[in-house]
Amino acid sequence: MKLTIQLFAGIAERLNTSLLEFEYIGDLPTAANLKEKLSLAYPEAASQIRTSFLAVNQQYAPADTILSSEDELALIPPVSGGDGTDISDEKHRSTVPEHRTEDGLFLITESTLSVEATTALVITPNHGAALTFVGTTREMTGEQRTVHLEYEAYVPMALSQMAAIGVEISDRWPGVLCAISHRIGKVDVAEISVVIAVSSPHRNDCYDASRYAIERLKQTVPIWKKEIWEDGSEWKGHQLGPWNPMEN
């Protein structure tokens, strides 16, 4: 059975391709079996493959998910979207610069982000509190100087995962609205990479929902960050221990 698998970030770079045609032979074609066969077929990327999750039709797939040749498959390495400096209270590769959900609340774009435009999406007459988180590119990490960042996204799945965060927030804090804008491509030092805006009738829910949104973004949304330094570069993944995007 021939499977087509989309690759991203460090795995795509290591294998020098963003689209892998793989002939699956043998065992029942499950997500776990496919990952193991890919690890054996591409030993130079085996460690990255084993720490990745398989997405099937733009959803994270449990290990026992049975695959077919018609499925849209993507290998998702640990994600890193949304990292940056908190200043609260104040390409699926594509050449198309802007992608937005139908309700307009969730945006992925190659253009400069607007804090005001994202915040305006959650301002309503019945909400007395609004809070905006802004993530920017930090220049110095210890003694290492970042020149700029490069963000990449599996765009359709990233948008659906961002929308899912909005649903989770409304379930946990009824009435709270959430909007997220994330930039992809090159983001220079001090430029904005992500804006998360939430609003609610009262301020306490805003604080809680804002923190929840950024942590879930960094856990589940397939956006990757490459740090470009003066003397090298590195793809950054999940920084908080073993990565499992299927945990709540």
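The values are calculated or read from the model by the stated rules, or taken from the named source; none is laboratory data. Remember, predicted model here, so these are calculated numbers, not experimental data. For neighbour counting, all protein chains shown are included, and Cβ atoms are generated from backbone atoms with ideal geometry for every residue, glycine included. Protein only, heavy atoms only, side chains kept; ligands, DNA and RNA dropped before computing areas. Shrake-Rupley method; radii C 1.70, N 1.55, O 1.52, S 1.80 Å.
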Please indicate, with yes or no, whether at least one residue in the stretch 11-31 is touching a Phe, Trp or Tyr at 6+ places or on another chain (Cβ under 9 Å), open to solvent by 10 Å² or more (accessible area, probe 1.4 Å), outside any helix (DSSP H, G or I) and of a type outside the set (D, E, K, R). yes
Determine, yes or no, whether E143 is open to solvent by 40 Å² or more (accessible area, probe 1.4 Å) and not aliphatic (A, V, I, L, M). yes
Residue pairs within 9 Å by beta carbon, gap of at least six or interchain, first lying in the stretch 167-186 and among the aromatic types (F, W, Y), second surrounded by 14 or more Cβ atoms within 10 Å (Cβ to Cβ), listed first then second, are W173/V198; W173/S200; W173/D205; W173/C206; W173/D208; W173/A209; W173/Y212
Quick one: which of G241, G232 is over 20 Å from the mean Cα position of the chain (by Cα), on the phi > 0 side of the Ramachandran plot and at pLDDT below 95? G232
Can you name the condition, by its number, that Q161 falls short on among (1) within 13 Å of the chain's Cα centre (by Cα); (2) open to solvent by 40 Å² or more (accessible area, probe 1.4 Å); (3) not β-branched (V, I, T)? (2)
Within the stretch 32-53, track down each residue that is of a type in the set (S, T, Y) and open to solvent by 80 Å² or more (accessible area, probe 1.4 Å). S47
Which of (1) open to solvent by 80 Å² or more (accessible area, probe 1.4 Å); (2) over 20 Å from the mean Cα position of the chain (by Cα) is the odd one out, the single condition T65 does not satisfy? (1)
Among the residues of the stretch 98-121, which ones are part of a strand (DSSP E or B) and open to solvent by 40 Å² or more (accessible area, probe 1.4 Å)? E98, R100
